1. Could you tell me how far the Cα centroid of region 53-81 sits from the Cα centroid of region 17-41, in Å?
2. Using only the Cα atoms of region 1-125, build the gyration tensor, take square roots of its eigenvalues as a ≥ b ≥ c, and label the shape rounded, prolate or oblate: rounded if a/c is under 1.5, else prolate if a/b is larger than b/c, else oblate.
3. Where in the chain are the DSSP H helices whose alpha-carbon span along the long axis reaches 15 Å or more and whose Kyte-Doolittle mean is at least -0.5?
4. Could you calculate the contour length gain from ASP101 to ALA49, that is, 0.36 nm times the residue separation minus the distance between their Cα atoms, to one decimal place in nm?
5. Can you give me the Rg/Rh ratio for region 65-191, using Cα atoms for both radii and the Kirkwood formula for Rh?
6. Taking 0.36 nm per intervening residue step and subtracting the Cα-Cα distance, what contour gain separates CYS148 from ASN131 on full extension?
7. What number, rounded to the nearest 500 deg cm²/dmol, is the helix-based mean residue ellipticity at 222 nm of the chain, given -39500 (n - 2.57) per DSSP H run of at least four residues and division by all its residues?
8. Give me the log10 of I(q) over I(0) for the chain at q = 0.07, 0.11, 0.14, 0.16 Å⁻¹, as the Debye formula computes it from C-alpha points; what are the numbers?
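The values are calculated or read from the model by the stated rules, or taken from the named source; none is laboratory data. Owing to the predicted nature of the structure, the values given are computational and were not obtained by experimental measurement. FYI the Cβ positions are ideal-geometry reconstructions off the backbone, even for glycines, and counts take in every protein chain you see. Only protein heavy atoms, including side chains, enter the accessible area calculation; ligands, DNA and RNA are left aside. Shrake-Rupley method; radii C 1.70, N 1.55, O 1.52, S 1.80 Å.
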Amino acid sequence: MAKSVLIFGGSRGIGAATALYFAEKGYKVAITYNNSGYAAKIMQQNITANGGEFIVIPCDVTSSVQVDSAIKQAVSAFGRLDAVINNAGIAEQKLITDVTDTDWQKMLNTNLSGVFYACRSAAKVMVNQKNGSIVNVSSIWGITGASCEVAYSATKAGIIGLTKALAKELGPSNVRVNCVAPGVIDTEMNSNLDIGALADLADETPLGRIGTTEEVAKAIYYLANDADFITGQVLSPNGGIVV
Ligand code: NDP
């Protein structure tokens, strides 16, 4: 029987590449979108036209009610959930003195509470199944910290702590929890960086370039599908930057 995956934040960038990769591997795929419903539905049309099973679910990950509902809809469509990928996230570059309470709360709610809600909801399903795999999307800045990204770095470091703790809690139920911590990847999240800044980042990377969404998708797939004896780990597809 084909396995199933739910990808939070699957409408664009790394999440969309991950959805396509799992679909290519024969998974039944559910993605959530928040603002990019059109892009999500185009992806659904393309994949179902090629015989794949693919559903799209509206969900703002800052709402635990919407996250619980997304998990329920995926389980009801597929009968079970083999993998959940927590990819939805936002970034913002500001000096800490310019970060408002509203900025901070938005970053926490989206990047950290969203992952917490999805893990809590997925845990109920996967513990019952006595099987499952969760992959959370952190960032290299969650390991090293980034200047002018204090709030973002804090949420991404939080995801690493959450991942390690939950891996211990769910291991006895045969549920694995890992995270990826990508380096700089070519997506809209970095569209505010000018060509010079991107070139500098590529220069600082041993492989001499920034990464692609497909390269992160492969790391996520590896952790979710192939890494049977790996849990509580952080895999950093980052072109060789030592962290
Ligand atoms: P994009 O900006 O291209 O995509 C972000 C995704 O998150 C979209 O699918 C968006 O959905 C979704 N999203 C944002 N806010 C919410 C919300 N409140 N509720 C639900 N979904 C939401 O970013 P990337 O693909 O670059 O980033 C994906 C993940 O990878 C993020 O967690 C990011 O922090 C992480 N990452 C990215 C790196 C990079 O260099 N690009 C490096 C390291 C980590 P929609 O458009 O439908 O609103």
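1. Taking the Cα centre of each part, region 17-41 and region 53-81 sit 12 Å apart.
2. It comes out prolate by the Cα gyration axes.
3. Span-like helices here: 13-24, 37-49, 64-78, 114-129, 150-170.
4. So the chain would gain 14.2 nm between ASP101 and ALA49.
5. Checking Rg against Rh, the ratio lands at 1.01.
6. In short, 2.1 nm is gained.
7. The helix contribution divided over the chain gives -13500 deg cm²/dmol.
8. Debye intensities relative to I(0), on a log10 scale: -0.21, -0.53, -0.87, -1.15.
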